[in-house]
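Only one structure is covered here, and it is reproduced in the block below.
Every number here is computed from the coordinates shown, using simple stated rules; none is lab data. On a predicted model such as this, the values are computed, not experimentally measured, just so you know. Positions of Cβ are backbone-derived with ideal geometry, glycine not excepted, and every protein chain shown enters the neighbour counts.
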Amino acid sequence: MFKDRVKYSKLLGVLFCMVSLLLCLTGCSSKDKGSGSGKPEIASALELLSSVWTTYADEEKFPAAGGDMSEEHMSMDGPGIYDLQDAEAIDSVFGVPKDTVEWADDAASLMHMMNANTFTCGAFHIKDSNKCSAFADNIKANLKDRQWMCGFPDKLVVMGVGDYIVSFFGKNEQVDTFKDKLLQVYPSATIMCEEPLL
């Protein structure tokens, strides 16, 4: 009888260890969800820009606004949602050609409140990830041909973050700071374009 109890206790011990191991493995895999594909998990364009903006120290921040002109989307202290219905406005503000706006299904923006040419950033979720490179190229070509008003932005940077394209232009200091912070938050991000706009 004593031998049976020893067998059962050993069996229970082994089962307990196996259950504990399975729980640990499940916990690890859920924390690292999405890393198998090499793409970071991002819930929205707004989340992407907000994640970067929150890393700014107070002394690094500039007067910022985000979102489109609607009451529900406009933000006066950081990124905001940008509606994609008005393709002409998207072209005018971010340099996304009108005929490629439909490739995106979610967008957010962050801009310098005083002068858009000091810093303007748009993040766009691309429905078909195979079109990310073409989307970035189209922005670059469109902005390179632009006639600028109210001062010239120094530089354009376009980056890929999973299925998102983040395009930003402005003065060197603001652009470089945002690029560095985006890479800190999303180390897998790639620089698709970094060129002067003068």
> Relative contact order of the stretch 41-93: what whole-number percent is it, with Cα pairs under 8 angstrom and at least 6 residues apart?
Replying inline: 27
>> I need two numbers for the stretch 43-196: Rg to one decimal and Dmax as a whole number, Cα atoms only, in Å.
In response: 13.8, 39
> Highest mean first, what order results for 167-175, 133-141, 58-66 on Cβ atoms within 10 Å?
Replying inline: 167-175, 133-141, 58-66
> What spacing in nm lies between the two simple spin-label points modelled at ASP99 and MET114, each 7 Å away from Cα in the Cβ direction?
Replying inline: 4.0
> Taking the simple approach of a point 7 Å from Cα along Cα-to-Cβ for both SER70 and ALA134, what is their distance in nm?
Replying inline: 2.8
> What number comes out for the charge environment of ASP105, summing +1 per Lys or Arg and -1 per Asp or Glu over other residues with Cβ under 13 Å away?
Replying inline: -3
> So what's the net charge close to ASP176: Lys and Arg +1, Asp and Glu -1, counting the other residues with Cβ under 12 Å from its Cβ?
Replying inline: -1
> Hey, what did the stretch 43-196 get for relative contact order, percent, Cα under 8 Å, at least 6 apart?
Replying inline: 21
>> I'd like to know how the stretch 74-136 sits against the 2.2 N^0.38 Å rule of thumb: what's its Cα Rg over that expected value?
In response: 1.11
